[in-house]
1. Out of (1) surrounded by fewer than 23 Cβ atoms within 10 Å (Cβ to Cβ); (2) of a type outside the set (S, T, N, Q); (3) part of a strand (DSSP E or B), the odd one out for ALA239 is which?
2. How many of the residues making up region 245-259 are in contact (Cβ under 8 Å) with a residue 40 or more places away in the chain and within 12 Å of the ligand (Cβ to nearest atom)?
3. Pairs under 9 Å by beta carbon, first residue in contact (Cβ under 8 Å) with a residue 60 or more places away in the chain in region 94-109, partner within 14 Å of the ligand (Cβ to nearest atom) and among the basic types (Lys, Arg), six or more apart or different chains?
4. May I ask you to verify whether ALA122 is in contact (Cβ under 8 Å) with a residue 24 or more places away in the chain, within 18 Å of the chain's Cα centre (by Cα) and surrounded by fewer than 19 Cβ atoms within 10 Å (Cβ to Cβ)?
5. Whether any residue in region 57-68 is in contact with a Cys (Cβ under 9 Å, 6 or more places away or on another chain) and in a helix (DSSP H, G or I) is what I want to check.
6. Can you tell me which residues in region 215-236 are free of Cβ contacts under 8 Å to residues at least 60 places away in the same chain, surrounded by fewer than 23 Cβ atoms within 10 Å (Cβ to Cβ) and more than 11 Å from the ligand (Cβ to nearest atom)?
7. Polar (S, T, N, Q), within 14 Å of the ligand (Cβ to nearest atom) and touching a residue at least 12 places away in the same chain (Cβ under 8 Å): does that describe THR182?
Amino acid sequence: GAPRTPLMAGNWKMNLDHLQAASTVQKLAWTLQDAKHDPTSVEVVVVPPFTDLRTVQTLVDGDSLALRYGAQDLSPHDSGAHTGDVSGAMLARLGCSYVVVGHSERREAYDETDDVVAAKAAAALRHGITPVVCVGEGLDVRQAGRHVEHVLAQVDGSLAGLDAAAVAGLVVAYEPVWAIGTGEVATPADAQEVCGAIRARVRETFGDEAADGVRVLYGGSVKPGNVAAVMAEADVDGALVGGASLDPADFAAIVRYQH
Ligand code: PEP
């Protein structure tokens, strides 16, 4: 297939205020610079809380840092009476390249259905932001052996209505819920099974260009010590990293998994 640039995205979740964000981003950038990291070899993305985005924008623009950033959620609407929500237009103005949609914590806590996730992905694309569409099964589904069909149903629903060209630029993150924040990492073979099935489904639904372009990430307790093994799998194009992304040395080591 077409070459895909590996992507390492750090989801900070509800951690680090704007001052801590500044020092974390600076330490990450310095560490990568010291290591002479080539951003065209592995793309680096930080995903802080909304309240940190302006600070991150100022740092990245002011110092021409070789990293991109995104938000953890957005509204499916573009403006209006939606108290507490943040629009894709607002995120675009803050220079966000990416936005996570359908993280399992939001699917669970806010009952976000695949329809909502698809509407959010479409809203991101309307504003030129790349959605990182999260899918993944819970432990009960995994134990019942229904993880592939479960995830493919989420893919069908969460990408519904998108066109093939948009899907080619998309990021899909496979995050088995039982591996998130638990220290329990899926085996590389487990990750490949589902990431490969996701790409095959994209090929069936959207065609070769979409399947060869879409980047499929694995997420769930990725650490410096386990990232290389999962990255060696054919259909794993990167990682969505929670806990380990809060430590700039650990996240830099994940970015530099080839070294
Ligand atoms: C996540 O929340 O996207 C995640 C993968 O978290 P962790 O790396 O902490 O398991």
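The values are calculated or read from the model by the stated rules, or taken from the named source; none is laboratory data. Nothing here was measured: the structure is a model prediction, and the numbers come from that model. Cβ sites come from the backbone with ideal geometry, for glycine too, and all protein chains shown count toward neighbours.
1. Among (1) surrounded by fewer than 23 Cβ atoms within 10 Å (Cβ to Cβ); (2) of a type outside the set (S, T, N, Q); (3) part of a strand (DSSP E or B), the lone unmet condition for ALA239 is (1).
2. 4
3. Between residues of region 94-109 that are in contact (Cβ under 8 Å) with a residue 60 or more places away in the chain and residues that are within 14 Å of the ligand (Cβ to nearest atom) and among the basic types (Lys, Arg), the close pairs are VAL100/ARG106; HIS103/LYS13; GLU105/LYS13.
4. Yes, satisfied.
5. Within region 57-68, one or more residues are in contact with a Cys (Cβ under 9 Å, 6 or more places away or on another chain) and in a helix (DSSP H, G or I).
6. Answer for region 215-236, where residues must be free of Cβ contacts under 8 Å to residues at least 60 places away in the same chain, surrounded by fewer than 23 Cβ atoms within 10 Å (Cβ to Cβ) and more than 11 Å from the ligand (Cβ to nearest atom): PRO224, GLY225, ALA228, ALA229, ALA232, GLU233, ALA234, ASP235.
7. Values: polar (S, T, N, Q): yes; within 14 Å of the ligand (Cβ to nearest atom): yes; touching a residue at least 12 places away in the same chain (Cβ under 8 Å): yes.
In short, yes.
Conditions (1) touching a residue at least 40 places away in the same chain (Cβ under 8 Å); (2) on the phi > 0 side of the Ramachandran plot; (3) not assigned by TED's automatic domain parsing to the domain that holds ILE198, marked per residue:
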| residue | (1), (2), (3) |
| --- | --- |
| ASP111 | no, yes, no |
| VAL116 | yes, no, no |
| ARG126 | yes, no, no |
| PRO131 | yes, no, no |
| GLY136 | yes, yes, no |
| LEU139 | no, no, no |
| GLU149 | no, no, no |
